[in-house]
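Data block below; observations after.
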Amino acid sequence: MAELFKKTTVIIIALLLFMAAQAAMAAETPAPSKEIRALWVIRTSLTSPESITEMVRRAKSANFNTLIVQVRGRGDAYYQSRWEPRAAEMKDTPDSFDPRYCYSCSCSLKISGNSGREARV
């Protein structure tokens, strides 16, 4: 009986030490930073100011707070480029239309109130 009591005591002490170590580690763990809910935006969503504004509106309504925007595809560019040809899907848009600028304005002015080219939803 004394042997059983001794083993039980050792097991209880080991469990208490383990629980104390876990509590100490949890107390040292920093609080998580703001959650990032990202959406991958395919380049064909960037063909007009209206489509960009609609994409940003839908992302915001679905509670995304970060947009990862694809601006290059098959060796073409969905932005003004000196080196890459303009994407075929952009043929009906004026040459002055740059989706990166329109996207940045849609996000910063209509969604979050930021200024500049930072584009957080």
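Just so you know, all these numbers are worked out from the coordinates, no wet-lab data involved. Keep in mind the model is a prediction, meaning the values are calculated, not measured. Backbone-built Cβ (ideal geometry, glycine too); neighbour counts: all protein chains shown.
Between residue 41 and 68, 69, 70, the built amide H atoms are under 5 Å apart, and every one of these is 5 or more places off in sequence or on another chain. Remark on the range 43-83: ratio of C-alpha radius of gyration to 2.2 N^0.38 Å is 1.31. Taking amide hydrogens as placed 1.01 Å from N in the peptide plane, the amide H of residue 47 sits under 5 Å from that of no residue at least 5 positions away in sequence or on another chain.
In this label model, residue 91 and residue 12 are separated by 8.3 nm, measuring between points 7 Å along each Cα→Cβ vector.
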